[in-house]
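The values are calculated or read from the model by the stated rules, or taken from the named source; none is laboratory data. Given the structure is predicted, the values throughout are model-derived calculations rather than measurements. Quick reminder, even Gly has a Cβ in these numbers, built from the backbone with ideal geometry, and neighbours come from all protein chains shown. These accessible areas exclude ligands, DNA and RNA; they are computed on the full protein's heavy atoms, side chains included. Shrake-Rupley method; radii C 1.70, N 1.55, O 1.52, S 1.80 Å.
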Amino acid sequence: EGIAGVSHYKPTSRTDSEYPAAVALMIGETNAAIEGAVAAGADDILVNDSHGGMYNLRPAEIHPAARVLQGQKAWSMVAGADRLPDGSPRFDVALFIGYHARAGHPAGTIAHTYSGAPTETRLDGRPTGEYGLNALVLGAWGIPVGLVAGDDALAAEIEGWLPWAERVIVKHGHGTYAAASLHPERARELVRAGAQRAVERAARAGELRLLEVAEPVTIEVDYHVPLEADYAAMVPNAERVGDRTVRHLGPDPVT
């Protein structure tokens, strides 16, 4: 949803006639990020396809320097990034391509958090989105987020949550289903340069940080209707704390 040229949710659906064109745009920014990482010396790159059913990218069109992880995965966007058997981080840096603002954002393009069910999600009492929850788990696994690409609303949110990360703006939001996008080639240039900077900075101690919050970790979710909260509250460790709000408490980020 955060790719340049994608301004409405319908082209992100496999059943829409414009879906192939949206996939082509997605492949363009993916390859730009890979090219930037390679230019900075990356030697192991995993692309995690996690939109929708998580099988959108056309593997033959992806830069050969990368491996592509596709298909529905329980850990979604952070699948494949868990620690190695010896406990060390599996990767040095994560790059978030095609991201978007949190659910409830007033101007972010296609703003939501994982699905259309939550109206707002909060981590440690602060509104956040997919970027924050994914960065939290990656941080627990020892991996900093070095780049986030999407619209200007997302960039403003990232400044508050991940101020050390490169912020690449490929479009400006004009409401939930409207955006003024850069030309795809210009967007790819910015993603390529940002990815190179992020990987270079990952190699320099102290330039990038892990996202950490106080433990126990608290995640709160507000839903559209009480019935959705009824179901969500059935999950172990969940607590109903309002008409449409469920709180999840865990001793650590991964839990």
key: Residues of the range 115-142 satisfying the condition of being over 11 Å from the mean Cα position of the chain (by Cα) and assigned to a loop (DSSP other than H, G, I, E, B)   = Gly116, Ala117, Asp124, Gly125, Trp141, Gly142
key: In the range 199-255, the residues that are hydroxyl-bearing (Ser, Thr, Tyr) and closer than 24 Å to Leu138 by Cβ   = Thr218, Thr255
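Among Glu157, Glu189, which is acidic (Asp, Glu) and open to solvent by 70 Å² or more (accessible area, probe 1.4 Å)?
Glu189
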ask   = Which of the residues spanning the range 1-46 are out of contact with any helix residue (DSSP H, G or I) (no Cβ under 6 Å at 6 or more places or on another chain), surrounded by 16 or more Cβ atoms within 10 Å (Cβ to Cβ) and under 13 Å from Pro64 (Cα atoms)?
value = Thr30, Asn31, Ile34, Val38
Strands (runs of 3 or more DSSP E) wholly inside the range 165-247 that include at least 1 residues being among the hydroxyl-bearing types (Ser, Thr, Tyr) = 179-181, 217-223
inquiry  = Condition first: hydrophobic (A, V, I, L, M, F, W, C), out of contact with any helix residue (DSSP H, G or I) (no Cβ under 6 Å at 6 or more places or on another chain) and part of a loop (DSSP other than H, G, I, E, B). Can you find one or more residues in the range 96-105 that meet it?
reply    = yes
query = Can you tell me how many residues in the range 139-152 are at negative phi, in contact (Cβ under 8 Å) with a residue 24 or more places away in the chain and surrounded by fewer than 24 Cβ atoms within 10 Å (Cβ to Cβ)?
reply = 4
query = For Pro253, are the conditions met, namely being open to solvent by less than 40 Å² (accessible area, probe 1.4 Å) and not hydrophobic (A, V, I, L, M, F, W, C)?
reply = yes
ask   = So, of the residues in the range 85-120 that are surrounded by fewer than 23 Cβ atoms within 10 Å (Cβ to Cβ) and of a type in the set (S, T, N, Q), which turns out to be nearest to Glu159 (Cα to Cα)?
value = Thr119
task = Pairs only if they're at least six apart or on different chains, beta carbon under 6 angstrom, first in the range 20-45 and without any contact (Cβ under 8 Å) to a residue 24 or more places away in the chain, second part of a helix (DSSP H, G or I) and not hydroxyl-bearing (Ser, Thr, Tyr); list them, first residue then second.
result = Ala22/Pro11; Ile45/Ile34; Ile45/Ala37
